[in-house]
Amino acid sequence: MSDTSRRPRKPGKPYRRPKKDPVRVLAFEALRAVDERDAYANLVLPPLLRKAREQGDFDGRDAALATELVYGTLRRQGTYDAVIAACVDRPLREVDPPVLDVLSLGAHQLLGTRIPTHAAVSASVELARVVLGDGRAKFVNAVLRKVSQDDLDGWIQRVAPPYDDDPEDHLAVVHSHPRWVVSALWDSLGGGRDGIERLLAADNERPEVTLVARPGRATTEELLGTEAAVAGRWSPYAVRLAEGGEPGAITAVREGRAGVQDEGSQLVALALANAPLEGPDRKWLDGCAGPGGKAALLGALAAERGAVLVASEKQPHRAGLVAKALAGNPGPYQVIAADGTRPAWRAGSFDRVLVDVPCTGLGALRRRPEARWRRRPEDLDGFAPLQRGLLRAALDSVRVGGVVGYATCSPHLAETRAVVDDVVKQVGEVELLDARLLLPGVPELGEGPDVQLWPHLHGTDAMYLALIRRVG
């Protein structure tokens, strides 16, 4: 019987099977999921890493390298695309996406890591042989050898337009953001080259893991007993983990007494909870509660004061996540699946209301780098009616003398001040509170009365908050 599994051999050159590198194959699989299924890397990568560990393919160093390859490639995708485009003889849109993913992974190893040049090229070619075949591997080899002829600074000099000729396009290539995002962030910052450069650079840094000790259930002292844990910068409930810290290894996190929550998100909840009221303080509402981080903190704070939290979330599966986050809350609470624009409660029912509205997520590009490539300017038009509807409903849901907090994880002016200004004018009989006073110790909060946090200034996601009191 003939062996049909064998490939024909060239005289004098025996066929060598490609060597499978589990780290790079996993990184490639994660990038394909992000591209093909519009998945988020922070949701795709953990189960892939867990499976690799269970199979005995990975140790801690392998997991760290795979994570760096995935996130580093996604963060610098715009820069690497410009470099690769200069090294191929066709438009990038004509390069098959799986091939482009292998090229991008190789470019990141060459230009964004300390992996030696020969190792970066050979490992990428070997990956191409495994996942693409020998023919395409030759193309990958040829392109990456061209990429390896210069370092990142040298390539940027070659592919980025001069700043003086086109500032936005220059920054877009250098810092790997779409041009429209650069423009929007620059407008939100208020001009100046230094600030936008620092912000875009911060978006490309790996964010720290920040924990929240939920009041009445855990303490920061308990979390600080964790190896490599340090106190948060601004929130009294925040603890930061040094690089490599694993939240799932912490007992309080596993038990739900603490959680992973960006410090900016904590500050939004704290500011609403501490805003001055006129009258009673018995009933709070989180009107966009999924997936439950802010609701869990608000619920614990409400319990300390004898208040009850109602957590509302439109999507039933996300309402389930909220219920899980609130399970074990020390005081009474209620989780409901309801549309925040069509309240399932009577007008004026609440003393405090938070609406952290759906948005483009441009404030969390450190955590979800692929979002910068997925979003389009026209997405703003889709979110605008919902954001205004949720804020109007929130103001209708709060009693006279009560306070509404409007929050977004986006600094885009169309999702922040434009929404607040429009709704305040329409509704009337409300006043803006100075939210800066509710974030004691936090510097560089601008002219107010609203607050915009920034990664490069505060080490947080770019959370926005406006506090509005109902006066009539």
- Name the pairs: first residue in the range 135-150 and over 12 Å from His118 (Cα atoms), second residue open to solvent by less than 50 Å² (accessible area, probe 1.4 Å) and among the hydroxyl-bearing types (Ser, Thr, Tyr), Cβ to Cβ under 8 Å, at least 6 apart or on different chains? Val140/Ser124
- Item | For Leu391: the one exception among (1) at pLDDT 95 or above; (2) under 21 Å from Ala296 (Cβ atoms) | (2)
- Message: Need a quick list: helices (runs of 4 or more DSSP H) entirely within the range 99-195 having at least 1 residues that are surrounded by 15 or more Cβ atoms within 10 Å (Cβ to Cβ) and of a type in the set (Gly, Ala, Ser).
- Response: 117-131, 134-147, 167-175, 179-189
- Item | Among residues of the range 209-247, those that are open to solvent by 30 Å² or more (accessible area, probe 1.4 Å) and over 15 Å from Gly264 (Cβ atoms), counted | 16
- Query: Could we say that Ala218 is closer than 30 Å to Gly256 by Cα, of a type outside the set (Val, Ile, Thr) and modelled with pLDDT of 95 or more here?
  - Reply: yes
- State yes or no: is Glu29 of a type in the set (Asp, Glu) and either modelled with pLDDT of 95 or more or touching a strand residue (DSSP E or B) at 6+ places or on another chain (Cβ under 6 Å) (or both)? yes
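Okay, residues lined up against (1) open to solvent by less than 30 Å² (accessible area, probe 1.4 Å); (2) farther than 23 Å from Ala344 by Cβ:
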site	(1), (2)
Leu390	yes, no
Tyr406	yes, no
Pro411	yes, yes
Ala414	no, yes
Lys425	no, yes
- Note on the structure: Residues in the range 70-95 that are more than 24 Å from the chain's Cα centre (by Cα), free of Cβ contacts under 8 Å to residues at least 24 places away in the same chain and open to solvent by 30 Å² or more (accessible area, probe 1.4 Å) total 6
- Query: All but one of (1) at pLDDT below 95; (2) open to solvent by 40 Å² or more (accessible area, probe 1.4 Å) hold for Ile250; which doesn't?
  - Reply: (2)
- Message: The conditions are (1) among the hydrophobic types (A, V, I, L, M, F, W, C); (2) in contact with a strand residue (DSSP E or B) (Cβ under 8 Å, 6 or more places away or on another chain); (3) at pLDDT 95 or above, and Ala201 fails exactly one of them. Which is it?
- Response: (2)
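The values are calculated or read from the model by the stated rules, or taken from the named source; none is laboratory data. Owing to the predicted nature of the structure, the values given are computational and were not obtained by experimental measurement. Methodologically, a virtual Cβ is constructed for each residue, glycine included, from the backbone with ideal geometry; neighbour enumeration extends over all protein chains shown. Ligands, DNA and RNA are stripped out before the accessible areas are found, and what is left, the full protein with its side chains, is counted by its heavy atoms. Shrake-Rupley method; radii C 1.70, N 1.55, O 1.52, S 1.80 Å.
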